[in-house]
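Since the structure comes first, as structure tokens, the remarks are kept for the end.
The values are calculated or read from the model by the stated rules, or taken from the named source; none is laboratory data. Every value quoted in this text rests on a predicted model; they were computed, and no experiment measured them. When we count neighbours, we look across all protein chains shown, and the Cβ atoms used for this are built from the backbone with ideal geometry, even at glycine. Remember, those area values only see protein heavy atoms, side chains included, never the ligands or the DNA or RNA. Shrake-Rupley method; radii C 1.70, N 1.55, O 1.52, S 1.80 Å.
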Amino acid sequence: MLRSMTSEPEQQIGVGTQDAFQRLWTPHRMAYIQGENKPTGPGADDGCPFCSIPAKSDEDGLIVRRGEHVYAVLNLYPYNGGHLMTVPYRHVADYTDLTGPETMELAELTKQAMAALRSASGAQGFNIGMNQGAVAGAGIAAHLHQHIVPRWGGDTNFMPVVGHTRVLPQLLADTRTMLAQAWPTP
């Protein structure tokens, strides 16, 4: 089965020693690696993608659910299939700066995201968290966002470690539709 999903190895002269590894090409990740669409500064008007996403349609912005203070969106550069983020509409960097209603809705949308992911994809566990500040690993530190990463027993979590590759079995637009349909009604 794997052979039909991959191309035959090609002999390439001058590119190093031939090995037995197949290659999973992910050229779409170059945008992330090169910092495309990253804010130019800390302000909301400095190209913050989390500030511009809500102005798009749900389909174009990959928004799965909109709340009053927070929205749930698919990660454009996911760690796993179904990787969602809950994001306040307000441009705020620190969790301690959220208002009470924002904090409550962030928690509620996180719970709903977990339920939708379990229903739609059979997720067996989750990595949930936020990186506060660039030194803590936040790719976009100026706008708070919480990651909700579904996990399954035997999933491909070895691929990023060993192969520096993410394996995603579904297009983001299809994942967005599936999760939007599975989202529980409050």
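Looking at (1) more than 15 Å from the chain's Cα centre (by Cα); (2) at pLDDT 95 or above; (3) part of a loop (DSSP other than H, G, I, E, B), which is the only condition A142 fails?
Just one mismatch for A142, condition (2).
Condition check ((1) touching a residue at least 24 places away in the same chain (Cβ under 8 Å); (2) open to solvent by less than 40 Å² (accessible area, probe 1.4 Å); (3) within 21 Å of G61 (Cα to Cα)) across all residues:
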{"position": "H91", "(1), (2), (3)": "yes, no, yes"}
{"position": "T99", "(1), (2), (3)": "yes, no, no"}
{"position": "M104", "(1), (2), (3)": "no, no, no"}
{"position": "Q132", "(1), (2), (3)": "yes, no, no"}
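Hey, among the residues in segment 45-59 that are assigned to a helix (DSSP H, G or I) and within 23 Å of Q181 (Cβ to Cβ), which one's most open to solvent (accessible area, probe 1.4 Å)?
Looking only at segment 45-59, we keep the residues that are assigned to a helix (DSSP H, G or I), and these are 49-55, 58-59.
Subset that is within 23 Å of Q181 (Cβ to Cβ): 53-54, 58-59.
Numbers: I53: 25, P54: 30, D58: 51, E59: 111 Å².
Of everything passing the filter in segment 45-59, E59 is most open to solvent (accessible area, probe 1.4 Å).
Looking only at segment 174-186, which residues are of a type outside the set (K, R) and at pLDDT 85 or above?
T177, L179, A180, Q181, A182, W183, P184
For the condition open to solvent by 40 Å² or more (accessible area, probe 1.4 Å), touching a Leu at 6+ places or on another chain (Cβ under 8 Å), closer than 21 Å to L171 by Cβ and not aromatic (F, W, Y), what is the one hit in L117, L76, L84, L62?
Criteria check complete, one pass: L76.
With respect to M30, is the statement that it is aliphatic (A, V, I, L, M) and modelled with pLDDT under 95 true?
yes
Of the conditions (1) modelled with pLDDT of 75 or more; (2) more than 23 Å from N131 (Cβ to Cβ); (3) surrounded by 10 or more Cβ atoms within 10 Å (Cβ to Cβ), Q22 fails just one. Which one is it?
Checking Q22 against (1) modelled with pLDDT of 75 or more; (2) more than 23 Å from N131 (Cβ to Cβ); (3) surrounded by 10 or more Cβ atoms within 10 Å (Cβ to Cβ), the one that fails is (1).
Condition check ((1) farther than 13 Å from W183 by Cα; (2) part of a strand (DSSP E or B)) across all residues:
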site: V87; (1), (2): yes, yes
site: T103; (1), (2): yes, no
site: T110; (1), (2): no, no
site: A115; (1), (2): no, no
site: A120; (1), (2): no, no
site: A123; (1), (2): yes, no
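For the structure I just gave you, tell me whether I148 is open to solvent by less than 30 Å² (accessible area, probe 1.4 Å) and touching a strand residue (DSSP E or B) at 6+ places or on another chain (Cβ under 6 Å).
yes
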